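All of the numbers you see were taken from the coordinates with simple rules; none came from a lab. This one's a predicted model, so the numbers in the text were calculated from it and none came from an experiment. Note that each Cβ is placed from the backbone with ideal geometry, even for glycine, and that neighbours are counted across all protein chains shown.
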Amino acid sequence: MQVGQTLTLSPEISVRVTGMGASRSLKAAEALHQQGARALLSWGCAAALAPKVGAGTLILPKRFLVPDSGGYKVCSADPHWQAELHKILAGLPLLVSDLVGSDRVLATPTQKQALFKATGAAAADMESAFLACWSAKRQIPFAALRAISDTASTAIPSAILASALQGSISPWRLFGQLLFHPQAIPALFTLGLQFRTALRLLTQAAKLLLPLRFGWP
């Protein structure tokens, strides 16, 4: 699927590929809301901030921290939905912790350590916290499930950052970057292994969740 595409999994479930960043995710949420969405789940990957959180760990936040006037605004997941997800996914490596929103890719361990020190949140992404506050304003039930794809000690190679195109990574751009920066290949290989672990856990979670209905009015 491409960024901006919507896939209908059932009469009750639609998936929209947003790409990276708050603006893209909020635009997608607005589109789904106008199409009749009655609840919203932020699904995908996140970066670990806490040192001992491993790749593939599923983050199921109760609270979301959004940068706001030099501090952080707190928005919450729907307590009923969050509790139901926690019960269903209890057999998987699951962590309930605050998740903080970032307006940029956290490319270095130093950046992750600084954000962890400032917030205490175990993980960060660029979409969920912003979506949580957007949903709260509209009284739409919201939850997030994110899998750790890069740990607190993992650096994101500059070749990946330079390969971003319209909110996703362009394989052709990445190939070109690696031709000129082959020293990034080992770090890319490590990141790729962690990303596969995250996808495997998300797939396991999806198999548990998709047959279920949560009964939104």
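Mind checking the full-extension length gain between Arg196 and Thr108? Use 0.36 nm per residue of separation minus the Cα-Cα distance, one decimal, nm. Write down the numbers at each step before the final one.
Values: separation 88, 0.36 × 88 = 31.68 nm, distance 2.01 nm.
Net length gain for the segment: 29.7 nm.
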Where both residues lie in region 6-209, what percent of DSSP beta bridges are antiparallel, nearest 5? 50
Please compare each pair in Lys73/Lys207; Lys52/Lys137; Lys27/Lys52; Lys62/Lys207 to a cut-off of 30 Å on the Cα-Cα distance and tell me which ones are over it. Lys73/Lys207; Lys52/Lys137; Lys27/Lys52
With a Förster distance of 22 angstrom and the Cβ-Cβ distance between Leu92 and His33, calculated FRET efficiency to the nearest 0.05 equals 0.15
Under a crude label model (7 Å from the Cα following the beta-carbon direction), how far is Ala83 from Lys52 in nanometres? 2.8
List the extent of the Cα atoms of region 1-78 along each of their three principal axes, largest first, rounded to whole Å. 39, 32, 24
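Using R₀ = 41 Å, calculate the FRET efficiency as 1/(1 + (r/R₀)^6) where r is the Cβ-Cβ separation of Thr203 and Ser69; round to 0.05. Intermediate results must be reported in sequence, preceding the final value.
Working: r = 39 Å, r/R0 = 0.95.
Taking R0 as 41 Å, the efficiency between Thr203 and Ser69 is 0.55.
If the viscosity is 1.567 mPa s and the temperature 4 °C, what translational diffusion coefficient in µm²/s does Stokes-Einstein give for region 6-209 when Rh comes from Kirkwood over Cα pairs? Numbers along the way, then the final one.
Numbers: Rh = 17.4 Å.
Diffusion coefficient, whole number: 74 µm²/s.
Give, in nm to one decimal, the length gained when the segment between Val15 and Phe189 is fully stretched (0.36 nm per residue of separation minus the Cα-Cα distance). Please report the intermediate quantities before stating the final value.
Numbers: separation 174, 0.36 × 174 = 62.64 nm, distance 2.87 nm.
So the extension gain works out to 59.8 nm.
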